[in-house]
Structures are given as C-alpha cells and as structure tokens.
Amino acid sequence: MPEPMVKRILALGNLLPRIRSLYAKEKISSGTVRHLTMACKSQQRAWLALFDDADAYCPQGNQLKGWLFGGGAIKADHALFDIEASGLAIIADLFGDERYFADSDAFWAAQLAAVEARRARFLEEGWSDVAVLPTGDYFRSWEFRQAPKRKGGRIYIEVRDISG
C-alpha cells in the first residue's frame with residue numbers, strides 16, 4: 001500500500017465517527033474532511049456542535065481552516081527560518097503536505113527575527129541602508145530608482161501578512 005494512502009487512512013481514522021459518517025453520507029465535502037484531519041478531538045466536537053446548530057455558522061472547506069487556526073493559518077513553507085531548529089509546533093493534514101504553524105504569534109516572532117538577521121547581513125555586505133517596512137505597508141517601486149550597492153543603493157524589505 002503506498003504511503004500516501006496509509007496516511008489518508010490514518011487521518012480519517014483520527015476523525016470522530018460522526019464526522020466520518022457525515023462524509024460517507026456526502027453531508028460534508030472532501031475539503032471539509034481534509035481540514036478536519038488537522039483538528040484535535042475537542043475542535044472536532046466544537047465543529048460538530050456548530051454543524052448541528054441551525055442558527056450557527058458552521059465553517060466548511062477553506063473557511064474551516066481559518067476557524068481551526070483562529071484566522072491565522074500560516075503555511076510552513078512561508079518561513080524564512082529553520083522550522084525544525086525553531087521548535088515551533090506544526091500542524092499537518094495527512095492528506096497531503098500542507099503544514100501550518102500552530103501558533104501564529106510564535107511564527108511572527110521567529111519570522112521577524114529572521115528578517116532582522118537578513119537586514120543585518122545586507123548591511124554587513126555593504127549596502128548603505130536596509131529598510132524593513134512595517135507589516136502591511138507596501139513598497140511602491142514606482143517611487144524609487146534602482147541603484148546598485150556601489151552607487152549607494154538601498155534595500156527595502158516588505159513584510160506581508162500571509163495568513164489564509
């Protein structure tokens with residue numbers, strides 16, 4: 001049996017029986033099930049309570065991912081730092097290789113430290129200035145002229161919120 005198939009079986013086995021039943025009866029989509037494989041048992045129970053409540057909003061599909069991560073689902077491949085060395089918790093769905101940081105605040109602390117390390121490295125390499133724009137500010141390239149390092153060129157680092 002191929003490894004991806006084993007991972008899928010294990011992921012489905014980790015779901016509460018009622019969720020598996022809803023999926024088997026086609027009451028919920030494969031995208032919803034995929035994201036529920038990242039949920040702990042208490043999150044699965046909370047999601048089922050929303051599903052059963054006709055007056056409540058029950059997130060499904062990609063919206064479920066945002067609900068599971070409190071709106072801050074940050075993919076592991078966005079990290080500028082060594083994930084394993086950081087010790088940060090990673091949550092993965094066993095249907096594929098989608099991996100997310102469990103704690104977005106911890107991610108941002110490590111990410112901004114990595115940005116600062118890059119800034120310091122550029123300055124050591126002789127750049128006249130390295131400006132790190134605040135998260136959410138956009139670099140407007142049309143307002144600047146490109147200039148090489150030897151002619152006093154500067155580096156601008158744009159930090160974007162990559163949740164979702």
- Item | Rounded to 10°, Cα long-axis angle of helix 104-124 versus longest principal axis of the chain | 20
- Message: Relative contact order for the stretch 113-164: what percent, with Cα pairs under 8 Å and sequence separation of 6 or more?
- Response: 41
- Write down the accessible area per residue of the chain in Å², having rolled a 1.4 Å probe over the full set of protein chains. 63
- Cα-based Rg / Dmax (Å) for the chain: 21.2, 67
- Message: With an 8 Å Cα cut-off and a minimum separation of 6 or more residues, compute the relative contact order for the chain in percent.
- Response: 19
- State the extension gain, in nm to one decimal, for the chain segment bounded by Ala102 and Arg20, taking 0.36 nm per residue of separation less the distance between their alpha-carbons. 27.1 nm
- Carbon and sulfur atoms: what percent of the 1.4 Å accessible area of the chain do they account for? 52
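The values are calculated or read from the model by the stated rules, or taken from the named source; none is laboratory data. From a predicted model like this one, the values you see are computed outputs, not experimental measurements. The protein model used for the area step is the full one, side chains on, heavy atoms only, and it has no ligands, DNA or RNA in it. Shrake-Rupley method; radii C 1.70, N 1.55, O 1.52, S 1.80 Å.
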